[in-house]
Amino acid sequence: MALQAASLLPHSISIRKNGKSNASLRETTFSGISTSNHPAGEFSNYLIRSKEFRRRELPLGAIRAQTATVDPAIDQTTTEGKKTARKGNVIITGASSGLGLATAKALAETGEWHVIMACRNFLKAERAAKSFGITKENYTVLHLDLASLDSVRQFVDNFHRLGRPLDVLVCNAAVYQPTAKEPSFTAEGFELSVGTNHLGHFLLARLLLDDMKQSDYQSKRLIIVGSITGNTNTLAGNVPPKANLGDLRGLAAGLAGLNSSSMIDGGEFDGAKAYKDSKVCNMLTMQEFHRRYHEETGIAFASLYPGCIATTGLFREHIPLFRLLFPPFQKYITKGYVSEEEAGKRLAQVASDPSLTKSGVYWSWNKNSASFENQLSKEASDAEKARRLWEISEKLVGLA
Ligand code: NDP
Ligand code: PMR
């Protein structure tokens, strides 16, 4: 496997003599940035170079806390009932490593945010927060295993027991199983990548929507992390296997893999494709949320591609040669590389920057780290598919 540069280069991409890509890719470059921002020919050059919490009736051990102090984030009003400026409260899933951890740090160190780190491994999250110097009063670790819908529901109950408002939700956690020969499954029997990355987050976001509606925070946001590799209007999205949800028949049948497919499109299991499909689901879900709830709630729904953070744990299941070559490949060949710290700042920006309040947007960054509204692929912006995905997902997670 490894990078296998030659064999992985999609056959569908042709380069014209004048250095421009073929028509289907004309609008995009390696970094997912519209080519109108780039000098002509750059595309081919790249290729050639190729807690605290309120103690209520908590079940022992259900959640753990760092402190038990009165927090200005909860104490929002003066005696007159007049609002005081308060810290924002943000839940970040998968904040125990990589992008989620870097984002938690970026937000916590402003002193303006209390970060609820929603993680499957409590101890790992605690250690990560400490080693990143996130101070106690700025975070709480709560257990969340997105591969179990019971755990998602338990997490929401535990969050409610904290007595905090919810202002921003960042759906960041993900698994990627590029080398798996056979599918593995969530507690409810859904293929693991789509079950975790999409269905777990779908239920979480739906259950927490009312909390966000009730928040009086000035700018409420629901962010779902997407990716360039789910967007087939980019070169990265054309590296096989390509994302393709088909007619959603596998999803509708429950992704169970027993006498039915574990893949959304009903095809044979492919771990890399399942991940990319799950990212398409993330981006479609964000837009469907926007269509259904933005006007009514004022919540901004957004997705993003933070750049290629080639050093994170996402690639833990890839072969060692891939893990060795992928960071220099992204740094020096595609130039799509971004450090965990920089990517964390980008996601923190989407979660909190007063200039990024627009809803229904898929954010990306150009080389100077300036954010811009990027274009999603045809499939990732298909409104009808988004609606059907929503309805099927509702049934699978027990909301309909
Ligand atoms: P990491 O593996 O470092 O982070 C993923 C996080 O998800 C980990 O904290 C992991 O927990 C957590 N997680 C996995 N499964 C579950 C689960 N069942 N329940 C709760 N948490 C879980 O990878 P990244 O930081 O790279 O990934 C973060 C996001 O960024 C993902 O959505 C990914 O798709 C996206 N992304 C990443 C890119 C990259 O180049 N790396 C590019 C584009 C998008 P634990 O620490 O316990 O393993
Ligand atoms: Mg990709 C041209 C730019 C570019 C960018 C920005 C990425 C991002 N990749 C690019 C190009 C290529 N990649 C090319 C030309 C190849 C063939 C050599 C290639 C290969 C490749 C592999 C095998 N790339 C990969 C893999 C993975 O296993 C990663 C993946 O698909 O994870 C789902 C990956 C990625 N490339 C990216 C990004 C951001 C990833 C991983 C993360 C993600 O989408 O979440």
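Read-outs: derived from the displayed coordinates by stated rules, not from any lab. From a predicted model like this one, the values you see are computed outputs, not experimental measurements. Because the Cβ atoms are built from the backbone with ideal geometry, glycine has one as well, and the counts that use them run over all protein chains shown.
When you restrict to C-alpha pairs under 8 Å that are six or more residues apart and normalise by the size of region 198-259, the relative contact order lands at 15 percent. Peptides 237-246, 207-216 ordered by packing proxy, namely the average of other Cβ atoms within 10 Å per residue, highest first: 237-246, 207-216.
Among the aspartates and glutamates, select those whose C-alpha is under 14 Å from the C-alpha of K345, and discard any that sit fewer than 8 residues away in the same chain. Leaving aside aspartates and glutamates fewer than 8 places away in the same chain, those within reach of K345 are E109, D353. Remark: region 88-397 carries a charge dipole of roughly 600 debye about the Cα centre, counting +1 on each Lys and Arg Cβ and -1 on each Asp and Glu Cβ. Taking K367 as the anchor, which aspartates and glutamates have their alpha carbon closer than 16 Å to its alpha carbon, excluding any fewer than eight residues away along the same chain? List returned: E42, E340, E341, E342.
Under a model in which nothing but the beta-carbon of Lys, Arg (+1) and Asp, Glu (-1) is charged, region 104-224 shows a dipole of about 240 debye around its Cα centre.
For region 124-160 versus region 261-326, the spacing of their alpha-carbon centroids is 21 Å. Bridgeable aspartates and glutamates around K378 (alpha carbons under 17 Å apart, same-chain partners fewer than 8 residues away excluded): E27, D247, D265, D277, E288. Our estimate of slack between L324 and V239, defined as 0.36 nm per intervening residue step minus the Cα-Cα distance, is 28.7 nm. Distance between the 7 Å Cα→Cβ label points at F132 and D216: 3.0 nm.
An ellipsoid equivalent to region 211-302, defined through the eigenvalues of its Cα gyration tensor, has semi-axes of 30, 17, 10 Å when rounded to whole angstrom and sorted largest first. Placing a pseudo-label 7 Å from each Cα along the Cα-to-Cβ vector at Y332 and T179 gives an inter-label distance of 2.4 nm.
Normalising by residue count, region 88-397 has a Cα convex hull of 122 Å³ per residue. For trypsin sites (Lys or Arg not before Pro), the sites in region 280-342 that DSSP calls loop and that have at most 13 other Cβ atoms within 10 Å are R316. Look at the alpha carbon pairs under 8 Å that are at least 6 residues apart: their mean separation over the length of region 88-397 gives a relative contact order of 19 percent.
Going through the cross-link list K136/K220; K273/K335; K242/K331; K136/K213; K87/K136; K220/K358, which pairs have a Cα-Cα distance over 18 Å in this structure? The pairs that break the limit, which is 18 Å between Cα atoms, are K136/K220; K273/K335; K242/K331; K136/K213.
Spin-label model, E112/H160: points 7 Å from Cα along the beta carbon direction are separated by 3.1 nm.
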